C-alpha cells in the first residue's frame, strides 16, 4: 500500500481502511542517584536534573538521595531504595569519595 494519503473521493468508500498509526506514549525513564555527601552533591545533581528536565520534559525523572554514609552501606541503601520503589529505575548511580575507600568495588547490577 502506498504511503500517500488517500484521495478525498476515496475516503468515503467502503474498501478504505482507517489508518493504523497512533501516537505512542513515551514512558519516562527513572534514574536514582545516591550520594555519600548530604550538602554539596544533592544540589549539584538536582541542578543537572533541572537542566535535563527543561530539555526533555516528562521523559526523564531523576531522584537524588544524599545519605551521608560509608561506601558499602551506601551501595546497600541504593539497592534497597531501588528495590522498594514503585518506579523501575533504568540507572542507579552511587556517588562516593574514593579517598576514604581503598578496596576495589566492582560494578554490579542492582536488579
Order of 20, 54 under a 10 Å beta carbon neighbour criterion, fewest first: 20, 54
Helix-only [θ]222 nm of the chain, DSSP H runs n ≥ 4, -39500 (n - 2.57) each, per residue, nearest 500: -8500 deg cm²/dmol
Computed label-point distance, nm, for sites residue 8 and residue 24 using a 7 Å Cα→Cβ extension: 3.3 nm
Pairwise FRET efficiency - residue 47 versus residue 70, Cβ, R0 = 30 Å, nearest 0.05: 0.70
Sorted by Cβ neighbour density within 10 Å, fewest at the top, the residues 24, 13: 24, 13
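The numbers here are math on the coordinates, done by the rules we state, and not lab data. Remember, it's a predicted structure, so these values are computed and weren't measured experimentally. Quick reminder, even Gly has a Cβ in these numbers, built from the backbone with ideal geometry, and neighbours come from all protein chains shown.
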